[in-house]
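To keep things clear, I will list the structure first and then write my remarks on it.
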Amino acid sequence: MSVLITGGTGYIGSITCVKLLAAGENIVVVDNLCNSEYSVVDRIKTISGKEFPFYKVDVRDKAELKRIFIKHDIEACIHFAGLKAVSESIGVPLEYYDNNIGGTIKLLEVMKEAYVKKFVFSSSATVYGSNKPPFSEDMPIGMETTNPYGTTKLFIEKILRDLSISDPEWGIALLRYFNPLGADESGLLGDDPNGIPTNLMPYIQRVAVNKLPQLSIFGNDYPTKDGTCIRDYIHVSDLARGHLNAIERIRRTSGIDVWNLGTGIGYSVLDIVNTFIEVNNVDIPYVFAPRRDGDVAVSYCNSSKAERDLHFKTEKTPDDMCRDSFRFIKNLKSGDI
Ligand code: NAD
Ligand code: WQD
């Protein structure tokens, strides 16, 4: 039996593959490589010392997906595949709705036909909209997303709830990620998006290796301890491990449930920048810039439900996140990976 990982060569997916393989799981990986590259497959194999099938397939291609379900004994799916750039989604909403929502529906249709009904979905803290932190899973979420990307996550959660009502045999875990940072401890897998990064750590990484001159910190007049935004940064290795716990849970249960994956602790942008400078002994020139549209001042979660139900507790600190991110970007820059 294997777990199908869609988007498995992406940032979070690749590190989750490593965790699953280390735990003795069999995996089948699907990715269309629109935001990742084939070399990641080899890097996962190097780290884990294990083999697995990889298919360069778009999840909207039902015929190819069906072939994969016929060829392999798939037991469950972790669905990472999707487009994730908030600002890009505002310019090309149809691409986001087609890829994220359309892709998820096609995948679910194929799973249903194959009688595979265990599903883990990558949702996002963005669905909490203007709720007041700490965000808990029982808070109402509605139409308050500020961009099409966030709306795709909200709609997919709703689609999955409707699917669960229609057929209670499905076992579905909605995982709402907070802000993943860091890289695999090997230094071989991490976050290096195409183009100029919009997320904080990829931008800091490029300043650290002199690929960008300086960081702009968006806003220093928020009602927070140092005026910069607060986020719940979670090490990507901890986040990846959370998927193992979720798979174990839905193997034993049916129905749908939702869990926050975060640390429950908020750090400011300046905390992260200063930590990166200290632990890596590297300069990160920065300036304060105007607030970025759509940013909330404070976002962090109540992490107790994941701790209670999934026995999930984060282990890593911002020091680890900053150290691992720097190791990864240095490896990339030197051409070692
Ligand atoms: P990523 O872009 O690194 O990985 C996504 C992968 O999916 C990429 O390898 C891409 O090539 C692939 N992909 C995209 N569309 C596809 C399609 N139609 N068919 C097949 N493959 C496709 O992103 P990530 O940071 O690893 O995020 C993984 C998931 O987690 C996404 O769904 C994202 O929305 C969600 N998420 C990410 C964050 C974050 O901050 N990184 C936070 C919350 C939720
Ligand atoms: C973090 C903080 C910025 C870049 C986004 C998505 C969310 C989820 C995670 C997918 C903010 C500040 C950033 C920079 C800065 N993704 N910043 N200078 O916005 O919390 O969340 O990624 O689901 O849906 O919205 O993350 O990394 O972009 O920003 O000052 O160059 O860093 O203003 O306060 P965000 P981020």
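The values are calculated or read from the model by the stated rules, or taken from the named source; none is laboratory data. The structure presented is a predicted model; accordingly, all values stated were derived computationally and were not measured. Ideal geometry is used to build each Cβ from the backbone, glycine not excepted, and the neighbour counts take in all protein chains shown. With ligands, DNA and RNA removed, areas are computed over all heavy atoms of the protein, side chains included. Shrake-Rupley method; radii C 1.70, N 1.55, O 1.52, S 1.80 Å.
Hey, which of the helices (runs of 4 or more DSSP H) in segment 199-283, taking only ones fully inside, have at least 1 residues that are away from ligand 2 (no atom under 15 Å from the Cβ)? Before you say what the answer is, go through the steps one by one.
Values: elements: 200-208, 236-252, 269-280.
Because the criterion is at least 1 residues that are away from ligand 2 (no atom under 15 Å from the Cβ), the helices (runs of 4 or more DSSP H) in segment 199-283 that meet it are 236-252, 269-280.
Being hydrophobic (A, V, I, L, M, F, W, C), more than 16 Å from ligand 2 (Cβ to nearest atom) and open to solvent by 10 Å² or more (accessible area, probe 1.4 Å) is the filter here, so list the residues in segment 67-81 that pass it.
Of everything in segment 67-81, those that are hydrophobic (A, V, I, L, M, F, W, C), more than 16 Å from ligand 2 (Cβ to nearest atom) and open to solvent by 10 Å² or more (accessible area, probe 1.4 Å) turn out to be PHE69, ILE70, ILE74.
Looking at segment 292-322, which of its residues are at pLDDT below 95 and touching a Cys at 6+ places or on another chain (Cβ under 7 Å)?
Listed by number, the list holds a single entry, ASP295.
Suppose we filter segment 1-17 for residues that are farther than 22 Å from PHE69 by Cα and either over 13 Å from the mean Cα position of the chain (by Cα) or within 6 Å of ligand 1 (Cβ to nearest atom) (or both); how many remain? Spell out how you get there, then give the answer.
Start the filter on segment 1-17 by keeping residues that are farther than 22 Å from PHE69 by Cα, which leaves 11-12, 15.
Filter again for either over 13 Å from the mean Cα position of the chain (by Cα) or within 6 Å of ligand 1 (Cβ to nearest atom) (or both), leaving 11-12.
Summing the residues that are farther than 22 Å from PHE69 by Cα and either over 13 Å from the mean Cα position of the chain (by Cα) or within 6 Å of ligand 1 (Cβ to nearest atom) (or both) in segment 1-17 gives 2.
If ARG327 passes every condition in (1) in a loop (DSSP other than H, G, I, E, B); (2) farther than 27 Å from TYR222 by Cα; (3) of a type in the set (D, E, K, R) but one, which one does it miss?
So the condition that ARG327 fails would be (1).
Can you give me the number of residues within segment 90-120 that are buried (at least 20 other Cβ atoms within 10 Å of the Cβ), farther than 14 Å from LEU154 by Cα and within 15 Å of ligand 2 (Cβ to nearest atom)? Spell out how you get there, then give the answer.
First pass over segment 90-120, keeping only residues buried (at least 20 other Cβ atoms within 10 Å of the Cβ): 96, 99-100, 103-104, 107-108, 110-111, 117-120.
When the remaining residues are screened for being farther than 14 Å from LEU154 by Cα, the result is 99, 103, 107-108, 110-111, 117-120.
Narrowing the set further to residues that are within 15 Å of ligand 2 (Cβ to nearest atom) leaves 99.
Of the residues in that region, 1 qualify.
Residues of segment 198-217 being within 16 Å of ligand 1 (Cβ to nearest atom), closer than 14 Å to ILE272 by Cβ and either open to solvent by 30 Å² or more (accessible area, probe 1.4 Å) or β-branched (Val, Ile, Thr) (or both), which ones?
ASN199, LEU200, TYR203, ILE204, listed by residue number.
When the residues of segment 291-324 are filtered to those that are without any contact (Cβ under 8 Å) to a residue 12 or more places away in the chain and assigned to a helix (DSSP H, G or I), which remaining residue is farthest from the chain's Cα centre (by Cα)?
ARG308
Failed condition for TYR203, given (1) under 23 Å from the mean Cα position of the chain (by Cα); (2) within 23 Å of GLY264 (Cα to Cα), with all others met?
That leaves (2) as the condition not met.
When GLY195 is evaluated against the numbered criteria (1) open to solvent by 10 Å² or more (accessible area, probe 1.4 Å); (2) part of a helix (DSSP H, G or I); (3) more than 10 Å from ligand 2 (Cβ to nearest atom), which criterion, by number, is the only one it fails?
(2)
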